[in-house]
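The values are calculated or read from the model by the stated rules, or taken from the named source; none is laboratory data. Fair warning: this is a prediction, and the values are worked out from it, not measured in the lab. Cβ placement follows ideal geometry from the backbone for every residue including glycine, while neighbour counts extend to all protein chains displayed. The area values use the complete protein model at the heavy-atom level, side chains included, leaving out ligands, DNA and RNA. Shrake-Rupley method; radii C 1.70, N 1.55, O 1.52, S 1.80 Å.
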Amino acid sequence: MSHRPRVSGPLDGMPPSRLRASAHARRRSRLRGLTHLTVWPDASVKGEMPVLGPCQGYESAEAVLQSCLASAMEVSGSEGGFFLLSSGPGALEILMPRRLSAETAMDVVLGRAAVAVRQTLRDGRVACTDAQGRALPLQDGFHESNAPACLCVPMELGRRKGLLCLVRPLPARSLGELDLEIVQAVTEQAGLTLSALIAGQALARLEAALCGGGERPPGRPLPVH
């Protein structure tokens, strides 16, 4: 059974950088209860949570997040990756997909990484799947014969839940214990950076509202790598 989503966008005047999976694709997904799946190529998260726009340190935070993502991909031998955040009941947002199109990132979340995504968001632990989307038991290291195709690493984001998803080429190379430790450390740094960005942007919105300026415009879109 194919789990490739159909993507709509732009919708209702939304910028072209925002894409949403169709209801048909979500129903076919292995992620039960999912009602909204959105892709944003930059670090401005604009889902059902309060809109996040530019704030002090915005561009430097984005640079750190891009660097963390690139480092995690290099260490794990991945061909692509992205951050995935919860933005309310049944709503997920893909953030800053790297070396993946928006459609491919959605395909990964709805298909072969769905089981690992569900486990990581539910339990707050590392989870992985094989090329067919079946769960793999977590080990200290993986040989080439059982190397994961997708790897999900949890991020601490306060009230939100989030993870880093890595997509590995097939056949995937071995993944050692040190590799996993480095990926987890890099993901922790990304989580701290994203948490600070969320807090800073929320404060910027509050200041703008108190000064009568209303909401600030969304962040400048970045190209999808």
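Give me the pairs: first residue in segment 114-129 and closer than 14 Å to Leu85 by Cα, second residue open to solvent by less than 10 Å² (accessible area, probe 1.4 Å) and assigned to a helix (DSSP H, G or I), beta-carbon distance under 8 Å, and six or more apart or on different chains, which are they?
What qualifies is Val117/Val109.
Residues in segment 86-132 that are open to solvent by less than 10 Å² (accessible area, probe 1.4 Å), out of contact with any Pro (no Cβ under 7 Å at 6 or more places or on another chain) and not small (Gly, Ala, Ser): how many?
The number of residues fulfilling the criteria is 6.
Confirm whether Gly200 is modelled with pLDDT under 85, farther than 21 Å from Met106 by Cα and surrounded by 15 or more Cβ atoms within 10 Å (Cβ to Cβ).
Judged against the criteria, Gly200 is a match.
Could you please let me know if Gly162 is in contact (Cβ under 8 Å) with a residue 40 or more places away in the chain, open to solvent by 10 Å² or more (accessible area, probe 1.4 Å) and of a type outside the set (S, T, N, Q)?
No; evaluated as a whole, the condition is false for this residue.
Got a sec? Which of Pro41, Pro5, Pro50, Pro15 is closer than 22 Å to Leu121 by Cα and either surrounded by fewer than 17 Cβ atoms within 10 Å (Cβ to Cβ) or modelled with pLDDT of 80 or more (or both)?
Pro50
Among (1) open to solvent by less than 20 Å² (accessible area, probe 1.4 Å); (2) at pLDDT below 95, which single condition is Gly80 missing?
So Gly80 meets the others, but not (2).
Here are some conditions: (1) acidic (Asp, Glu); (2) in contact with a helix residue (DSSP H, G or I) (Cβ under 9 Å, 6 or more places away or on another chain); (3) modelled with pLDDT under 90. Glu59 meets all but one. Which one does it not meet?
With respect to (1) acidic (Asp, Glu); (2) in contact with a helix residue (DSSP H, G or I) (Cβ under 9 Å, 6 or more places away or on another chain); (3) modelled with pLDDT under 90, Glu59 is out only on (2).
Considering only residues that are hydrophobic (A, V, I, L, M, F, W, C) and buried (at least 20 other Cβ atoms within 10 Å of the Cβ), which ones fall in segment 66-77?
Cys68, Leu69, Ala72, Met73 - these are the residues of segment 66-77 that are hydrophobic (A, V, I, L, M, F, W, C) and buried (at least 20 other Cβ atoms within 10 Å of the Cβ).
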